[in-house]
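Undergrad: Right, I'll just put the structure down here and ask away after.
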């Protein structure tokens, strides 16, 4: 699955809330997840499907239950992407800071003449 699809899955607040629930509890059955929302079970089921299709969660069948847990590898992949992006932006900001500092020095020298 592409990063675009992953972030599209994360764009919806209910899906982020489901991930937070799973992060706090480790794993939950579908019925436990449904019980945490006022939204209908079919709607939550659809959100769970999107998360599963995005490879953000694992689903394990135990008898009649579906047990959901976070896919740590996928979360790590997102974290690495964010770190890479942060590093790129920090570099840009550092270059901008140097440019602004040089410009201040230039203006100060020009003002003293």
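Undergrad: Do you know which of the residues in region 63-73 that are in contact (Cβ under 8 Å) with a residue 12 or more places away in the chain and over 17 Å from residue 24 (Cα atoms) is surrounded by the fewest Cβ atoms within 10 Å (Cβ to Cβ)?
TA: So, considering only residues that are in contact (Cβ under 8 Å) with a residue 12 or more places away in the chain and over 17 Å from residue 24 (Cα atoms), the one surrounded by the fewest Cβ atoms within 10 Å (Cβ to Cβ) is 65.
Undergrad: Still on this model: Just name the residue that is surrounded by the fewest Cβ atoms within 10 Å (Cβ to Cβ) out of those in region 20-48 that are without any contact (Cβ under 8 Å) to a residue 12 or more places away in the chain and within 15 Å of residue 65 (Cα to Cα).
TA: Taking the candidates together, the pick is 35.
Each reported figure results from applying straightforward, stated rules to the coordinates on display, with no laboratory input. Because the structure is predicted, anything quoted here is derived from the model rather than measured. Every residue, glycine as well, gets a Cβ built from its backbone with ideal geometry; the counts of neighbours run over all protein chains shown.
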